[in-house]
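One structure below.
The values are calculated or read from the model by the stated rules, or taken from the named source; none is laboratory data. Note that this is a predicted model, so its numbers are computed, not measured. Cβ coordinates were reconstructed from backbone atoms using ideal geometry, including for glycine residues, and neighbour counts include every protein chain displayed. Quick note on the areas: whole protein, heavy atoms, side chains included, nothing else; ligands and nucleic acids left out. Shrake-Rupley method; radii C 1.70, N 1.55, O 1.52, S 1.80 Å.
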Amino acid sequence: MYGSRGVGAFARRRTSAAVLGAALLMTACSSGGDSDEAAGAEITQQPKDANPFWVNPEGTAARQMADLRADGKKPEAEQIRKIAEQPAAEWISPENPEGQTRGFTEAADKAGRTALLVLYNIPHRDCGQYSQGGAADGDAYRAFIDSVAKGIGDRAATVILEPDAVLHLVDGCTPEKFHEERYDVLNGAVDKLKSLKNTTVYLDAGNAGWGNPDQIFEPLKWAGVDRADGFSVNVSNFYSTEESIAYGKQLSAKVGDKPFVVDTSRNGNGPYTGGDAAERWCNPPGRALGETPTIKTADPLVDAYLWVKRPGESDGECKGGPKAGEWWEDYAVKLAKAGD
């Protein structure tokens, strides 16, 4: 490792929750909801000219906001509103990926917005850490990508492709015997997704704290970044937007001046510098929400600031957190408050 975990930890979304959520949000979009306490009743889309990405009115944060209001915890609910009203990425699990992506993209299309999706199912994922797993092998991953593509169809989608997958080829985390297969499936995924009419693809490229752009630019090319729309940086990490842009620009200059997107979901206070250096990436205290999602970045190389990691969801079972990907109310409230 180079002093920083990349993504760290994410949990696969439970199929039942994802599919049910998509169904509920589509109902909410069509009916507007019948109660002020409904999760999506007060959640609306952001102005399209600056923030074209879809806000899920039945997302985890929106449901938690409604639960807090129902419990009489209005101050906490208002903090969670800061998360619920912004578009955050939907992480597609391997269980019924076609149904999930269809549900999310149809709901986004109905709202006149673009769905923001993350694919995180690469074989041998996360090197056996908190989010270990992924597809069983290359064939299973190709089938997963095919299903995702069918679910997206011609609807507008922005896809963050496999956080840490290239990074872990470079930092020694992924064994050499898996490298050839990984490059092959990443290339195939880029080509498949780019064959869709309205899909934008950003191949993940690590973060400002892991190492040097010189170490990853060739692997990014081998993984197909030249045919992608660009790359993503700082996914689920805490490096400042300034640091992330500097890293992205250095890398862009080495991969044909490709543009990039920055995950600003939790980087408001920059990276944590205390505690065990090996786990500073995992549920660090004192962090804050970063810039809200927008395509108005004032930098021609930065296509967007995005909330790729879903604020309020745990990085893993560290520092008192629940399992990776599970909602952690106390941490979410602190993230929101820290930005005040």
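Note on segment 291-313: residues that are in a strand (DSSP E or B) and within 17 Å of Ile245 (Cβ to Cβ) total 7. Within segment 226-239, the set of residues being among the hydroxyl-bearing types (Ser, Thr, Tyr) and open to solvent by 30 Å² or more (accessible area, probe 1.4 Å) comprises just one member, Tyr239. Here Trp328 meets the list (1) open to solvent by 20 Å² or more (accessible area, probe 1.4 Å); (2) under 16 Å from Ser244 (Cβ atoms); (3) modelled with pLDDT of 95 or more almost entirely, failing just condition (2). Ala324 - would you say it is out of contact with any helix residue (DSSP H, G or I) (no Cβ under 8 Å at 6 or more places or on another chain), among the hydrophobic types (A, V, I, L, M, F, W, C) and touching a residue at least 24 places away in the same chain (Cβ under 8 Å)? Yes: the conditions hold for Ala324. Would you mind finding the one in Gly316, Gly248, Gly320, Gly256 that is part of a loop (DSSP other than H, G, I, E, B) and more than 26 Å from Ser93 (Cα to Cα)? After applying the criteria, what remains is Gly256.
Residue-wise test of (1) within 29 Å of Ala157 (Cβ to Cβ); (2) not small (Gly, Ala, Ser).
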{"position": "Ala253", "(1), (2)": "yes, no"}
{"position": "Asp263", "(1), (2)": "yes, yes"}
{"position": "Gly268", "(1), (2)": "yes, no"}
{"position": "Glu279", "(1), (2)": "no, yes"}
{"position": "Glu291", "(1), (2)": "yes, yes"}
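Entry remark, segment 189-225: residues being small (Gly, Ala, Ser) and open to solvent by 40 Å² or more (accessible area, probe 1.4 Å) number 1 in total. Filtered by the rule that a residue be at pLDDT below 95, open to solvent by 50 Å² or more (accessible area, probe 1.4 Å) and under 17 Å from Asn207 (Cβ atoms), segment 281-304 gives no residues. Looking only at residues in segment 220-245 that are part of a helix (DSSP H, G or I) and out of contact with any Phe, Trp or Tyr (no Cβ under 8 Å at 6 or more places or on another chain), the one that is nearest to Leu301 (Cα to Cα) is Ile245. A residue that is surrounded by fewer than 24 Cβ atoms within 10 Å (Cβ to Cβ), farther than 27 Å from Ala189 by Cβ and in contact (Cβ under 8 Å) with a residue 40 or more places away in the chain occurs nowhere in segment 247-267. Taking each residue of segment 197-225 that is under 14 Å from Lys258 (Cβ atoms) and touching a residue at least 24 places away in the same chain (Cβ under 8 Å) and looking for partners that are among the polar types (S, T, N, Q) and surrounded by 20 or more Cβ atoms within 10 Å (Cβ to Cβ) with beta-carbon atoms closer than 6 Å, six or more apart or interchain, yields Thr200/Thr158; Tyr202/Ser232; Asp204/Ser232. Scanning for something assigned to a loop (DSSP other than H, G, I, E, B), at pLDDT below 95 and either surrounded by 22 or more Cβ atoms within 10 Å (Cβ to Cβ) or among the basic types (Lys, Arg) (or both), does segment 269-280 turn up at least one residue? Within segment 269-280, one or more residues are assigned to a loop (DSSP other than H, G, I, E, B), at pLDDT below 95 and either surrounded by 22 or more Cβ atoms within 10 Å (Cβ to Cβ) or among the basic types (Lys, Arg) (or both).
Among the residues here, Ala208 qualifies as farther than 29 Å from Asp146 by Cα and aliphatic (A, V, I, L, M).
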